[in-house]
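To keep things clear, I will list the structure first and then write my remarks on it.
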Amino acid sequence: MVRNETTYFHWTTRRDYIDCRSLRNDQMINHYANSGTFTTKVGLCVNLRNLQWFDTADPDTFFPRCYRLGAEDEQHAFIEDFRRTACTSLLQHVVETSRRTRDQAEELDNVEHQVVGPGMVDMALHVCQEFLSVLEHGDIDSTAETPQSVKEQHWVEFLQDYYMVVHEGASIRGSGVFVERCQAMLIRLQEVCPQLDTDGLNNIWIIKPGAKSRGRGIMCMNRMEEILALVDSDRALSKESKWVIQKYLERPLLVHGTKFDLRQWFLVTDWNPLTIWFYRECYLRFSTQPYSTKTLDNSVHLCNNSIQKHFQPSCERHPGVPEDNMWSCSQFKAFLQLQGLGAEWESIVVPGMKQAVVRALQTSQDLVEPRKASFELYGADFMLGRDLRPWLLEINASPTMSCSTTVTARLCPAVQLDTLRVVLDRRTDPGAYTGGFQLIFKQAAVEVPQYVGVNLVVEGAPIRRSRSRLHRQTVISKPPVNMQLPPHQSSEEVETTHIPLSGQRSCAVSAFCLSGKENRAAGEKKRQLTSTSPKRECEGRKDVQNTSCVRTLGRSLASQIPLVVHTEPQRKARRLGLSLGANGETLVPRSFSFSLSPPHNMSDCKSWANQGHGSHKTRYFLPQTAFDTQHRTPTRVFPSLRSPLPTLEVLSLRPNIVAGNTACRNPNLSSHLSVHRPQLFLCSRRQSMATFKGQCTGEHKP
């Protein structure tokens, strides 16, 4: 009849029956996604360790010590805890044994029993002292290579003696002399170990398989080797870290000598802001057998109704314990009133349970998916210590609502009805009656940041360096020029050397600048030639005049080409003898490049020279013998220019200002990128070989 109708309210005991993520905003359900972070044994064990980020409380004050045996590091931590607990239990055994009367001691002396040496008490005191030193950061200088104070073999022997004393009733020879030291050590441990009173003497631990519920698979053990063997026997659970071991509360509060625990309901209606409702009533679940640590049977230590219903109540149990193994909180408060502890229920028990619930949910708030139209009812299990302090054991999702006893038959329907009052009536009327639920916590709204995942990625494009455009200028050289660097000479810099020009052609030749000695030798040879031969002197003057014209032209053109300023040694500049303009800035060019537009006559050349800043004498760094017509070799040999007319393409002018503070006159000087190695680019142009040879023959006659 309602099969095709939209359901606006879902209440189910199976969490996976409906996916709350697929519901609309106006559809309600009684579950939150990812609430297993605190309703599972593993989740509660792990998340409560983060309580320090949410509250100043210590989880050891309300939650028994707990470890995941499937995790290797936590298994080592459990082994250390088990050994240390054996030491503290031994100290308590020594103190409690000394309190026996003389008659009881004499009676025990007449009975034959095993005796162990007093060395184990010394070892226990030493281990406890080391533990306190670690808490006081006394091991700050210790390293991984520091040898252990107690070797493994000593631990094996100690535990065997401990089992004999505690479990089998063996006595310790001369233990009376250690009573005062043991008492002093226990007082110091009491200040840092809030669970010392509940640890007891037998070192009992409760092992829980994390994948099961309703008490299935839970066992109590008091021997470390048996615990580790049990975990190793089920590798599937161990691999998934599902084995949880928790310190058993050996000294709980008893009612007529029988152990019990409390089931407390609470309701969460929102996770942002976290809103918690606490039910005013709870109920107690009793064991069917009288409490004793001499036996580890589940009928004694597990109070789950799903387990105890399979056992018959013991005839040795106090008749004041109900046959259905349940009490309401009102009956328990009456019992406390008879014991003179009536006020402690409202001052210690209830506030302690509320604080434990709030702290457990705070550590899981970031992990549960909040949904405004969802709610969930939980059941928390507590045990009370002898001082009535509540200890949180676990939190259950979808707690049972079966009316198995007269107590649950009254409370469970009331809890469900009051839950509907909170989640339905208060939506339209904030002041509506909420029954037994009391709002105990509502935090301020927290803005949840957008989830970006665990992998943070920085995206972007790499920055590339911009390349400067090459200023390519072409110079056509008319006269045949063959240039080859002698093998025995080494080049340091590249400089543009101007060859004397005649006619309508101009030429620019890039030559290698030789070393200092070779430059001086070349200059000396030139002076000798000009002084001895008048004809050579006249030709030299003509060369100088032509070169001056070309050099001036080069200066006027080079002023338009971007330059790059470099800092070179001043002595190198003086050695090369280069200068720029009248200001005297000395330049050490790495490569000199410009284009000479061929003047039509010598007068044009002279006119260009007059426009410059004065003529400069060109120095010849290479003799004529350095030029030949051979092909280019891999080692500093330039290509022959006797082929069709070559073209010299010059890329950049690289002067280095090493003297003076005045920069080059070109405003684009600083924007030109540096090229670290001088390069010469020669390109062939198609010209008539006959014209080329004719010009060479007519212009270079002696």
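Could you order peptides 296-309, 54-67 by the average number of other Cβ atoms within 10 Å of their residues, highest first?
Working: 296-309: 18.6, 54-67: 16.9.
Per-residue Cβ counts within 10 Å, averaged per peptide and sorted highest first, yield 296-309, 54-67.
May I ask you to derive the FRET efficiency for Gln337 and Glu281 from their Cβ-Cβ distance with R0 = 25 Å, giving the value to the nearest 0.05?
Working: r = 17 Å, r/R0 = 0.67.
The pair Gln337/Glu281 has a calculated efficiency of 0.90.
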Hey, how many Å between the Cα centroid of the stretch 318-393 and the Cα centroid of the stretch 71-93? 28
Over 31 Å between C-alpha atoms is what I'm after, so list which of Lys242/Lys294; Lys208/Lys354; Lys41/Lys151; Lys247/Lys372 land there. Lys41/Lys151; Lys247/Lys372
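Order of 151-158, 370-377 by packing, highest average Cβ count within 10 Å first?
Numbers: 151-158: 12.6, 370-377: 19.6.
Answer by packing, highest mean first, reads 370-377, 151-158.
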Could you rank the peptides 195-206, 122-133 by their average count of other C-beta atoms within 10 Å per residue, with the highest value first? 195-206, 122-133
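Bear in mind these aren't lab numbers, they're just calculated from the coordinates by the rules spelled out. The structure displayed is predicted, hence computed values, not measured ones. With ideal geometry, Cβ positions are generated from the backbone for all residues, glycine too; neighbour counts draw on all protein chains shown.
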